[in-house]
Amino acid sequence: MKKYNFNAGPSMLPREVIEATADACLDFEGSGLSLMEISHRAKNFQPVVDKAVELVKELLDLPAGYSVVFLAGGASTEFCRVPYNFLEKKAAYLNTGTWAKKAMKEAKLFGEVVEVASSAEDNYTYIPKNFTIPADADYLHITTNNTIFGTEMRYDLDSPVPLIADMSSDIFSRPVDVSKYNCIYAGAQKNVSMAGVNIVIVKDEALNKVSRQIPTMLDYMTHVKNGSMFNTPPVVPIYCAMKNLEWVKKNGGVEAMAQRAKERADMLYTEIERNKLFRGTAKAEDRSYMNICFVMNDEYKELEADFLQFATERGMVGIKGHRSVGGFRASCYNAQTIEGVQALIQSMKDFEAQH
Ligand SMILES: *Cc1c(COP(=O)(O)O)cnc(C)c1O
């Protein structure tokens, strides 16, 4: 049976990207060696990193004065690297969910953290608006897509202080005005690659500004200066990212990704609203194009496990919602197909017909 992958992360990748990565793991560019058994400093690997950096710059239209590095440790490590490198006295954080809270927790180790707004009281079903950003903060940290709660800021905030964004689950899904940000980071396993690498974009002149000493591996400058080669980088995930970014480019770039994301999300949200069994959980104006969260309407609550089984039998994978929301979550990152979304919608319609 054909499987439709709605996993939240690690998640679906284009088949050709997986195949190219698998090929390189068997025989890297005809060298007779696997990508896994060559030096990261090998002559034929450097072009992979260079190409990946170039594609990030091109796809997000990076202004001059920004660097791109590939680091290990997951987005969770950036929660600590960010304040280490950028928080001198005070930082502002927008609390839009689990990941934002975890980022705040780390920042508190380095200085004063101002929570400018929070939607915690409503289980993070919306993105707070019209909050005051302290003008003396070193930065405002935002989470552009809240993977767990299915809300998204598909815009670049106007802020009196530089933005820093966790874009782990929506990077390369829309054009971004990078000039508003001092730093953008993303764990790759949602929308870019397999697990094991982070993409970090930093504004060069924002580095080296804090007075504290920074351990070598946690200092962004180390990696900028050494072109992600200070120590052994995760070569396979970087290769996979490079191939996927090529795929994004070949398929029309981030503008086309945004258009396709909207198309998929519109289809699915329309069905959620039409179908008597289901309702969406996030406020309409803030709902995510990437992670589409929905639950059973109250009068059908007892059918939740049945629908999960029904859809699973029809090939849907990974649609169980995160435990803090319940219900269902269909993750529709760049690689998601219209066909996959249609298959899920058909399951919802067929299940409704039985009830
Ligand atoms: C998954 C996720 C993280 C955590 O990523 P790890 O790579 O597992 O550390 C952080 N932020 C967001 C928005 C995420 O979706």
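Numbers at a glance
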read-out: Filter result for ASN226 (in the same structural domain as ALA22 (by TED's automatic domain parsing), free of Cβ contacts under 8 Å to residues at least 40 places away in the same chain and either surrounded by 16 or more Cβ atoms within 10 Å (Cβ to Cβ) or not aliphatic (A, V, I, L, M) (or both)); value: yes
read-out: Some residue of segment 79-100 being farther than 24 Å from VAL197 by Cα, away from the ligand (no atom under 16 Å from the Cβ) and without any contact (Cβ under 8 Å) to a residue 24 or more places away in the chain; value: no
read-out: Segment 71-100 - residue that is more than 15 Å from VAL224 (Cβ to Cβ) and among the charged types (D, E, K, R) and, of those, surrounded by the most Cβ atoms within 10 Å (Cβ to Cβ); value: LYS90
read-out: Positions within segment 19-39 being assigned to a helix (DSSP H, G or I) and either among the hydrophobic types (A, V, I, L, M, F, W, C) or over 25 Å from the mean Cα position of the chain (by Cα) (or both), in sequence order; value: ALA20, ALA22, ASP23, ALA24, CYS25, LEU26, PHE28, GLU29, GLY30, LEU35, MET36, GLU37
read-out: Selection within segment 101-124 - within 16 Å of the ligand (Cβ to nearest atom) and touching a residue at least 40 places away in the same chain (Cβ under 8 Å); value: ALA103
read-out: Test: CYS293 is within 17 Å of the chain's Cα centre (by Cα), in the same structural domain as ILE171 (by TED's automatic domain parsing) and modelled with pLDDT of 95 or more; value: no
read-out: Residue within segment 151-164 that is part of a loop (DSSP other than H, G, I, E, B), among the β-branched types (Val, Ile, Thr), open to solvent by less than 20 Å² (accessible area, probe 1.4 Å) and more than 11 Å from the ligand (Cβ to nearest atom) present; value: yes
read-out: Segment 177-195 residues that are over 21 Å from ALA206 (Cβ atoms), paired with ones that are within 14 Å of the ligand (Cβ to nearest atom) and of a type in the set (Asp, Glu) (beta carbon under 7 Å, 6 or more apart); value: ASN191/ASP170
read-out: Matching residues in segment 309-352 - criterion: being β-branched (Val, Ile, Thr) and either open to solvent by 20 Å² or more (accessible area, probe 1.4 Å) or under 16 Å from LYS276 (Cα atoms) (or both); value: THR312, VAL317, VAL325, THR337, ILE338, ILE345
read-out: Residues of segment 177-197 classified as open to solvent by 20 Å² or more (accessible area, probe 1.4 Å), in contact with a Ser or Thr (Cβ under 9 Å, 6 or more places away or on another chain) and among the hydrophobic types (A, V, I, L, M, F, W, C), total; value: 1
read-out: Answer residue from segment 135-150, given it is assigned to a strand (DSSP E or B) and more than 8 Å from the ligand (Cβ to nearest atom) and is nearest to GLY280 (Cα to Cα) among those; value: ILE142
read-out: Which listed residue, of ASP219, ASP306, is of a type outside the set (Phe, Trp, Tyr) and surrounded by fewer than 17 Cβ atoms within 10 Å (Cβ to Cβ); value: ASP306
read-out: Qualifying residue in segment 125-134 (condition: more than 30 Å from THR281 (Cα to Cα) and either within 16 Å of the ligand (Cβ to nearest atom) or surrounded by fewer than 16 Cβ atoms within 10 Å (Cβ to Cβ) (or both)); value: yes
read-out: Residue within segment 110-117 that is surrounded by 13 or more Cβ atoms within 10 Å (Cβ to Cβ) and within 21 Å of VAL224 (Cβ to Cβ) present; value: yes
read-out: Residue that is modelled with the lowest pLDDT, among those in segment 162-218 that are of a type in the set (S, T, N, Q), in contact with a helix residue (DSSP H, G or I) (Cβ under 8 Å, 6 or more places away or on another chain) and more than 21 Å from LEU245 (Cα to Cα); value: ASN208
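Let's see how each residue does on (1) in contact (Cβ under 8 Å) with a residue 60 or more places away in the chain; (2) over 24 Å from VAL53 (Cα atoms); (3) of a type outside the set (Val, Ile, Thr):
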position	(1), (2), (3)
ASP219	yes, no, yes
THR232	yes, no, no
LEU245	yes, no, yes
VAL248	yes, no, no
VAL254	yes, no, no
ALA265	yes, yes, yes
GLU271	yes, yes, yes
LEU277	yes, yes, yes
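Matching residues to (1) open to solvent by 20 Å² or more (accessible area, probe 1.4 Å); (2) outside any helix (DSSP H, G or I); (3) within 16 Å of the ligand (Cβ to nearest atom); (4) touching a Pro at 6+ places or on another chain (Cβ under 6 Å):
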{"site": "ARG41", "(1), (2), (3), (4)": "yes, yes, no, no"}
{"site": "ASN44", "(1), (2), (3), (4)": "yes, yes, no, no"}
{"site": "PRO47", "(1), (2), (3), (4)": "yes, no, no, no"}
{"site": "ALA52", "(1), (2), (3), (4)": "no, no, no, no"}
{"site": "ASP61", "(1), (2), (3), (4)": "yes, yes, no, no"}
{"site": "VAL69", "(1), (2), (3), (4)": "no, yes, yes, no"}
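The values are calculated or read from the model by the stated rules, or taken from the named source; none is laboratory data. On a predicted model such as this, the values are computed, not experimentally measured, just so you know. Reconstructed Cβ throughout: ideal geometry from the backbone, glycine too, with neighbour counts over all protein chains shown. Just the protein is used for accessible areas: all its heavy atoms, side chains included, with ligands, DNA and RNA removed. Shrake-Rupley method; radii C 1.70, N 1.55, O 1.52, S 1.80 Å.
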